[in-house]
Amino acid sequence: MPKEIIDTANHIAAEAVRIAKPGVVAAYPITPQTTIVEKIAQMIETGKMKSEFICVESEHSAMTAAIGASASGVRSYTATSSHGLLLMHEMLTWAGMARLPVVMTNINRAVGPGWNIWCDLNDALAQRDTGWIQIYCAYPQEIFDTTIQAFKLAEDKRISLPVMVNHEGFIMSHTSMPAKIYDEAEVDKYLPKYNPNWKLDPQDPLSHGNLISPEHYTEVRNDMQKSFDAAKDIFVKNAEDWKKQFGSYFGGMIEYYMCDDAQYVMVTLGTIGAEGKVAVDKLRKEGHKVGIARIRMFRPFPTEEIEKLSKKSTLIVIDRAISPGMGGIVHSEVKSCAAPGTKIFGFIAGLGGRDVTYGDIENMIRKAIEGKAKSSEWYDLKEAQ
Amino acid sequence: MAIKDLPKDEYLLKGNAACPGCPASQALRVVLKALGQNTTMVVPACCTAVIQGIYPKSAFNVPLMNIAFEAAAACASGIKAGYKAQGNDDTNVLVWAGDGGSYDIGFQALSGAAERGTDMIFICYNNQMYSNTGVQRSGATPYGASTTTTWTGKLEHNKDLSEIMIAHHIPYVASACVSYPEDLYAKVQKAKSIRGFKFIEILAPCPPGWRFPMESMVEQGRLAVESGMWALYEVENDKMTFTGPSKGILEGLRQRKPVVEYMKAQGRFSHLFKPGNEGKMKIIEQHLDVVWDRYRKQSSCLK
Ligand SMILES: Cc1ncc(C[n+]2csc(CCOP(=O)(O)OP(=O)(O)O)c2C)c(N)n1
Ligand code: SF4
């Protein structure tokens with residue numbers, strides 16, 4: 001029987017990790033990820049979890065140790081946030097290119113200076129091109145489910161890629177909400193034991209990651225791209241299989257809310273996509289045909305689905321991140337695959353933890369409906385102080 | 001043990017890409033003979049990353065994980081933990097890093113793994129510069145040496161990583177030199193028999209980097225030790241013992257050879273022999289006295 005609990009998203013993620021039984025967890029604390037590391041350390045010390053825990057001296061080492069552990073032939077996990085993730089950048093590419101199925105929870109937090117511990121998505125989106133599958137969650141149950149599904153996806157022999165599961169700092173990480181913790185025995189049926197493609201084995205002495213010439217490098221990259229392409233369907237199928245076995249489901253690559261007949265669709269990542277449902281309900285009551293496409297899987301990007309959506313709806317992209325000198329990051333991605341002639345509006349909102357309430361979301365959508373939105377603008381920008 | 005009695009097994013194979021007379025590959029050959037087949041290696045960016053050869057070939061006969069420059073000890077920590085999680089507590093986990101990957105950019109991960117007491121052997125082959133990228137200075141480059149970032153000679157003395165590692169209070173620290181393979185072999189064997197974090201540093205005179213003829217690599221290493229510019233010792237559970245010629249020097253039974261004998265064959269020091277640089281020579285000699293003074297004090301404390 002699943003156990004219903006009320007706890008923070010971080011603790012719910014830690015529960016999922018316990019049930020996934022990684023051989024090694026390596027981590028370094030950073031707000032707002034700390035409560036995951038603390039909880040895992042406690043579970044290991046009290047024998048509730050059997051993993052080896054490496055309390056490393058930096059995030060760079062956390063990711064490297066997770067890589068080493070994975071290469072030794074075990075399931076490995078880490079968690080971080082913001083500056084910790086930025087420090088890992090080099091090793092993120094290492095995990096990706098080495099095709100090691102490390103799973104990481106990243107708690108989205110703004111980057112400094114000045115020090116800002118609140119949420120935005122710039123930390124993770126800046127890692128877009130490192131060869132990690134990226135998933136963004138908006139509900140505690142989704143975090144539990146996706147964490148387990150992430151191991152399955154990462155370790156799938158057709159994929160062999162690291163997976164980053166994101167949830168937002170404080171909005172999710174430190175907020176207590178109900179979730180079901182499914183039975184370990186049931187999860188074991190869903191998530192098979194890790195069976196690596198290769199491992200560092202003295203009986204089979206291979207060198208991994210040595211010099212590679214231009215003659216081979218392109219093909220290695222291409223192989224990675226193929227696995228990213230394949231990950232789309234496998235991710236969707238895994239989520240559907242999960243739904244059959246456990247009941248909970250949050251969508252495939254995209255969670256659609258009232259999109260079937262929608263004239264206007266808000267496109268976003270994370271909790272804005274959950275909060276927005278209240279705004280959509282209200283606007284629907286007024287007769288506006290609006291909907292939400294919450295992108296769950298950002299890498300690989302749901303290119304085909306966005307293109308399809310763009311053919312029937314005007315898109316309003318809300319970005320909780322910015323690529324300085326270009327604009328909203330999701331906005332750019334959506335524009336790159338929308339059908340020619342699609343109307344797309346972009347808003348930048350909620351940076352550094354500024355609240356984006358359903359009222360704000362309503363305002364943004366309404367602005368687009370009323371024809372007052374610009375192709376790209378900042379929401380709630382205060383006068384220079 | 002005599003050289004002829006070293007195990008015949010080879011884990012560093014023929015056809016590797018090392019320069020002729022390479023000290024790193026010579027030393028590694030001995031190290032792997034001491035460790036044997038049940039060994040997994042971690043190599044950060046350094047000459048050894050090249051010595052392996054180009055994908056899809058490899059000159060190594062033990063499993064090897066290449067990792068980023070600063071990350072070797074953290075990678076080895078993960079491998080050790082992963083093996084442990086699989087019930088394997090006896091594969092030797094070896095980090096083989098240059099001085100850059102140990103003294104400088106790799107130091108944080110090294111210090112962290114040592115402090116955690118991870119059961120591994122970390123070996124720094126110290127060629128006193130960044131060879132891989134074309135002979136730039138490192139924290140291990142001695143005063144006066146010319147490199148491509150200190151053209152007219154380095155202005156600072158090297159730090160002493162082995163001393164720093166002693167301060168980590170790990171069960172075993174040793175200083176060796178490629179020119180004394182029996183001594184090196186014995187030290188690696190001892191490290192292998194001890195649980196916990198073991199650190200060994202090996203002086204590796206590099207012909208192209210130090211600019212001397214490749215056939216005199218072994219001789220350069222011997223001169224380094226005989227002149228006192230390098231010392232052979234080990235610190236086991238806080239007991240410091242000097243070995244080889246260094247033992248005689250420490251105990252005053254043997255004179256240090258003049259440093260000029262060591263320096264004169266090396267192009268990296270050639271500018272010091274030009275008129276006007278006598279003061280720099282003096283600085284080197286004085287520093288050497290200080291170093292040996294400290295060795296004496298240290299070894300009498302760590303008895
Ligand atoms: C983060 C990073 N910075 C710089 C480099 C370039 N780099 C590769 S090897 C190397 C020097 C290696 O020196 P050392 O560790 O002394 O080994 P050696 O080459 O002498 O064998 C440098 C600077 C790198 N690979 N990664
Ligand atoms: S540069 Fe020196 S250390 Fe590097 S391979 Fe050549 S001889 Fe060996």
Would you pick out the residues in segment B:1-42 that are away from chain A (no Cβ under 14 Å), within 16 Å of ligand 2 (Cβ to nearest atom) and in contact (Cβ under 8 Å) with a residue 24 or more places away in the chain?
-> B:LYS14, B:CYS19, B:PRO20, B:GLY21, B:CYS22, B:PRO23, B:ALA24, B:SER25, B:GLN26, B:ALA27, B:VAL30, B:VAL31
Quickly run through segment B:43-61 and pick out the residues that are in a loop (DSSP other than H, G, I, E, B), of a type outside the set (Lys, Arg) and more than 8 Å from chain A (Cβ to nearest Cβ).
-> B:PRO44, B:ALA45, B:CYS46, B:ALA59
Might you check whether a residue that is closer than 20 Å to B:PHE122 by Cα and more than 16 Å from ligand 2 (Cβ to nearest atom) occurs anywhere in segment B:200-216?
-> yes
Restricting attention to segment B:210-235, the residues that are assigned to a helix (DSSP H, G or I) and either closer than 26 Å to B:THR148 by Cα or open to solvent by 60 Å² or more (accessible area, probe 1.4 Å) (or both) number exactly 13
Could you list, in sequence order, all residues of segment B:15-37 that are away from ligand 1 (no atom under 14 Å from the Cβ) and assigned to a helix (DSSP H, G or I)?
-> B:ARG29, B:VAL30, B:VAL31, B:LEU32, B:LYS33, B:ALA34, B:LEU35
Filter pass, B:THR152 being within 12 Å of another protein chain (Cβ to nearest Cβ), assigned to a loop (DSSP other than H, G, I, E, B), β-branched (Val, Ile, Thr) and more than 16 Å from ligand 2 (Cβ to nearest atom) = no
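Confirm whether B:GLY279 is over 25 Å from B:GLY196 (Cβ atoms) and loosely packed, with under 14 Cβ neighbours inside 10 Å.
Values: over 25 Å from B:GLY196 (Cβ atoms): yes; loosely packed, with under 14 Cβ neighbours inside 10 Å: yes.
So B:GLY279 passes the test.
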Residue count, segment A:273-292 (criterion: open to solvent by 50 Å² or more (accessible area, probe 1.4 Å) and in a helix (DSSP H, G or I)) | 6
Matching residues, segment B:132-143, being within 7 Å of ligand 1 (Cβ to nearest atom) and closer than 26 Å to B:SER77 by Cα = B:ASN132, B:SER138
Out of segment B:68-82, which residues are at the interface with chain A (Cβ under 7 Å from one of its Cβ atoms) and hydrophobic (A, V, I, L, M, F, W, C)?
-> B:ALA68, B:ALA71, B:ALA74, B:CYS75, B:ALA76, B:ILE79, B:ALA81
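Checking the structure you have, find out if any residue of segment B:68-77 is away from ligand 1 (no atom under 12 Å from the Cβ), more than 20 Å from the chain's Cα centre (by Cα), buried (at least 19 other Cβ atoms within 10 Å of the Cβ) and assigned to a helix (DSSP H, G or I).
Step one: of segment B:68-77, the residues away from ligand 1 (no atom under 12 Å from the Cβ) are B:73-77.
Pick out the ones that are also more than 20 Å from the chain's Cα centre (by Cα) and you get B:77.
From the residues that got through so far, the ones that are buried (at least 19 other Cβ atoms within 10 Å of the Cβ) too are B:77.
Imposing the further condition that a residue be assigned to a helix (DSSP H, G or I) reduces the set to B:77.
Checked against the condition, which is being away from ligand 1 (no atom under 12 Å from the Cβ), more than 20 Å from the chain's Cα centre (by Cα), buried (at least 19 other Cβ atoms within 10 Å of the Cβ) and assigned to a helix (DSSP H, G or I), segment B:68-77 yields at least one hit.
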List, please: which pairs have Cβ atoms under 8 Å, are six or more places apart or on different chains, and start with a residue in segment B:76-103 that is closer than 17 Å to A:ALA66 by Cα and end with one that is within 16 Å of ligand 2 (Cβ to nearest atom) and in a loop (DSSP other than H, G, I, E, B)?
-> B:VAL95/B:PRO44
Where residues in segment B:43-60 are more than 19 Å from the chain's Cα centre (by Cα) and open to solvent by 50 Å² or more (accessible area, probe 1.4 Å), which of them is farthest from ligand 2 (Cβ to nearest atom)?
-> B:PRO56
Take segment B:89-111 and flag every residue that is away from ligand 1 (no atom under 12 Å from the Cβ) and charged (D, E, K, R).
-> B:ASP89, B:ASP90
Candidates A:GLY84, A:GLY47, filtered to the one that is among the small types (Gly, Ala, Ser), more than 28 Å from A:ASN197 (Cα to Cα) and either in contact with a Pro (Cβ under 8 Å, 6 or more places away or on another chain) or not in a helix (DSSP H, G or I) (or both) = A:GLY47
Between residues in segment A:336-351 that are on the phi > 0 side of the Ramachandran plot and residues that are of a type in the set (Lys, Arg), which pairs lie under 7 Å by C-beta distance while being six or more apart or on different chains?
-> A:GLY350/A:ARG320
Which of the residues that make up segment B:157-186 are over 19 Å from B:TYR103 (Cβ atoms) and of a type outside the set (Phe, Trp, Tyr)?
-> B:HIS169, B:PRO171, B:SER179, B:PRO181, B:GLU182, B:ASP183, B:LEU184, B:ALA186
Name every residue in segment A:316-343 that is out of contact with any helix residue (DSSP H, G or I) (no Cβ under 6 Å at 6 or more places or on another chain) and assigned to a strand (DSSP E or B), in order of residue number.
-> A:ILE322, A:GLY327, A:GLY328
Answer yes if at least one residue in segment A:248-259 is without any contact (Cβ under 8 Å) to a residue 60 or more places away in the chain, assigned to a loop (DSSP other than H, G, I, E, B), surrounded by fewer than 15 Cβ atoms within 10 Å (Cβ to Cβ) and not charged (D, E, K, R), and no otherwise.
-> no
Only one of these is within 14 Å of another protein chain (Cβ to nearest Cβ) and surrounded by 24 or more Cβ atoms within 10 Å (Cβ to Cβ): A:ALA27, A:ALA13. Name it.
-> A:ALA27
Would you mind stating whether B:ILE3 is more than 16 Å from ligand 1 (Cβ to nearest atom), of a type in the set (Val, Ile, Thr) and open to solvent by 40 Å² or more (accessible area, probe 1.4 Å)?
-> yes
Restricting segment B:97-126 to residues that are part of a loop (DSSP other than H, G, I, E, B) and open to solvent by less than 10 Å² (accessible area, probe 1.4 Å), the residue that is nearest to the other protein chains (Cβ to nearest Cβ) | B:GLY106
Matching residues, segment A:161-174, being out of contact with any Ser or Thr (no Cβ under 6 Å at 6 or more places or on another chain) and either surrounded by fewer than 21 Cβ atoms within 10 Å (Cβ to Cβ) or assigned to a strand (DSSP E or B) (or both) | A:VAL163, A:MET164, A:ASN166, A:HIS167, A:PHE170
Provide a single number: the residues in segment A:180-220 that are within 14 Å of another protein chain (Cβ to nearest Cβ), surrounded by 12 or more Cβ atoms within 10 Å (Cβ to Cβ) and not aliphatic (A, V, I, L, M).
-> 13
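The values are calculated or read from the model by the stated rules, or taken from the named source; none is laboratory data. Source: prediction; values computed, not measured. All Cβ positions, even for glycine, are placed from backbone atoms using ideal geometry, and neighbour counts span all protein chains on display. We work out accessible area using only protein heavy atoms, side chains counted, and drop any ligands, DNA or RNA first. Shrake-Rupley method; radii C 1.70, N 1.55, O 1.52, S 1.80 Å.
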